[in-house]
Amino acid sequence: MREFIVEADGGSRGNPGPAGYGSVVIDAATGETLAEAAEYIGVATNNVAEYRGLVAGLRAARELDPTATVHVRMDSKLVVEQMSGRWKIKHPDMKPLAAEAARVFPDAAQVTYEWIPRAKNQHADRLANEAMDAGKRGEQWSPSTSTAELDARSTSASKAADADTGAATKVAAGWSAPADLGPPATFVLLRHGETLLTPQKRFSGSGGTDPSLSDVGRDQAERVAESLARRGTIQAIVASPLTRTRQTAAAVAERLGLDVTIDDGLRETDFGAWEGLTFGEVRERYPDDMNAWLASPKAEPTGGGESFAATARRMAVTRDRLIAAHAGRTVLLVTHVTPIKTLIRLALGAPPESLFRMELSAASLSAVAYYADGNASVRLFNDTSHLR
């Protein structure tokens, strides 16, 4: 399945005033610019122009491949939050435009949304301004091959190389949240305790056996429960449906006096025919599949397992839903290696291969804070001090 990035923008010189939009479709795998769209739309507001840009970008992506997954990046917080379903659409001018955008890809799961700073949306912004300039001259916008265009394409390719497949949030070095954003949604990420498979480093996902905690794992769960009780900051607990995570979550919940909500989005990756095998055994039995899996996040484990790209899309959707449900709260997510590494990767805007460069111990704690403007801050990673 192809993956596209759509960057869209719109502007109005007067709000309302002379307005235009710009959109660009980028191949997520290569960073190549595949299509551009821009139009002067007469007198309109900024928000109308931004929505028109979104619709045009989605249509251009659909014309290229109606089966593709599409990741929309815009610097309009309003459009991103409304199309993600987190904000209600109240303005009568916005409702038909949002409905029109939703109809382009009827399967809502095909499209994800990400807010980005204006500085990261320069290609679409430039197209929108070109369209407004053309309208001022009484002309229609048309593509060009100017030096500015070539530079913009190079910039977009660089950005696409950093783009994730499921709505990554970007973190600037030394960034701190403005006070008026309010408290973030903070996810404390707890990997489950050991099972009998853990010390042997066997693939243990959601597609094979469902092992319970070992004696060591149950002790680890009690230790992390004691540590979290001392900290006293957890306000809710959400866990993967697998046995090892439910058992770990139950130990913490009993100590904290909280209920556990089960969320299927937090399950581990399905490793297909590799379930229960060591890395070496997979390398011996399925060498070609293993090499492909190590080389591309889109490759699936043997037997129809789940690719890391698919896991990233699932985790981005789960993350956004839980952020919306727990705004301003501190929530314990009891889950697995790949989901936790993926949330960290997305928060950092790191490439998919970074998953292979993280060590995540059993019963370890990590933490990410998500702010109202779409930024994320990694607060903790692989803390095991409570186990010593």
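The values are calculated or read from the model by the stated rules, or taken from the named source; none is laboratory data. Since the structure is predicted, the reported quantities are computational estimates derived from the model, not experimental observations. A quick note on method: Cβ atoms are made from the backbone with ideal geometry, for glycine too, and the neighbour counts reach across all protein chains shown. When the accessible area is computed, the model is the full protein with side chains, heavy atoms only, and any ligands, DNA or RNA have been set aside. Shrake-Rupley method; radii C 1.70, N 1.55, O 1.52, S 1.80 Å.
Points to keep in mind about this one:
- Computed with a 1.4 Å probe on the full set of protein chains, the accessible area for residue 262 sits at about 80 Å².
- Gyration tensor (alpha-carbon) shape descriptor, the range 66-105, a/c threshold 1.5: oblate
- Scaled radius of gyration (Cα, divided by 2.2 N^0.38 Å) that the range 220-350 gives: 1.19
- Net charge dipole size for the chain [Lys, Arg +1 and Asp, Glu -1 on Cβ; Debye, nearest 20]: 940
- Counting only protein chain heavy atoms and rolling a 1.4 Å probe, the accessible areas of 290, 1 rank, largest first, as 1, 290.
- Peptides ranked, highest mean first, by Cβ atoms within 10 Å: ranges 194-202, 353-361: 194-202, 353-361
- Here the accessible area of the range 4-83 is 47 percent carbon and sulfur, with a 1.4 angstrom probe and all protein chains present.
- DSSP-defined antiparallel bridges as percent of all bridges, the chain, nearest 5: 55
- Among (i) 76, 49, 37; (ii) 46, 45, 44; (iii) 61, 46, 37, the entry that matches Cα extents along the principal axes in Å as calculated here: (i)
- Average accessible surface for the chain: 43 Å² per residue, computed with a 1.4 Å probe over protein heavy atoms with every protein chain in place.
- DSSP beta bridge pairing in the range 217-376, given as percent antiparallel to the nearest 5: 10
- Cβ crowding within 10 Å averaged over residues, with 377-385, 27-35, 123-131 ranked highest first: 123-131, 27-35, 377-385
- CD proxy at 222 nm, helix term only [per DSSP H run n ≥ 4: -39500 (n - 2.57); per residue of the chain; nearest 500]: -12000 deg cm²/dmol
- Euclidean distance of C-alpha centroids, the range 50-98 and the range 267-335, integer Å: 28
- Chain lengthening between residue 291 and residue 86 when straightened (0.36 nm per residue, less Cα-Cα): 69.8 nm
- Protection proxy ranking of 327-335, 184-192, by the mean of other Cβ atoms within 10 Å over each peptide's residues and highest first, is 184-192, 327-335.
- Residue 373 accessible area, assembled protein chains, probe 1.4 Å, Å²: 30
- Between residue 118 and residue 136, the contour length at 0.36 nm per residue exceeds the Cα-Cα span by 4.1 nm.
- Given charges at beta-carbon only (K, R positive; D, E negative), |dipole| of the range 187-247 in Debye: 180
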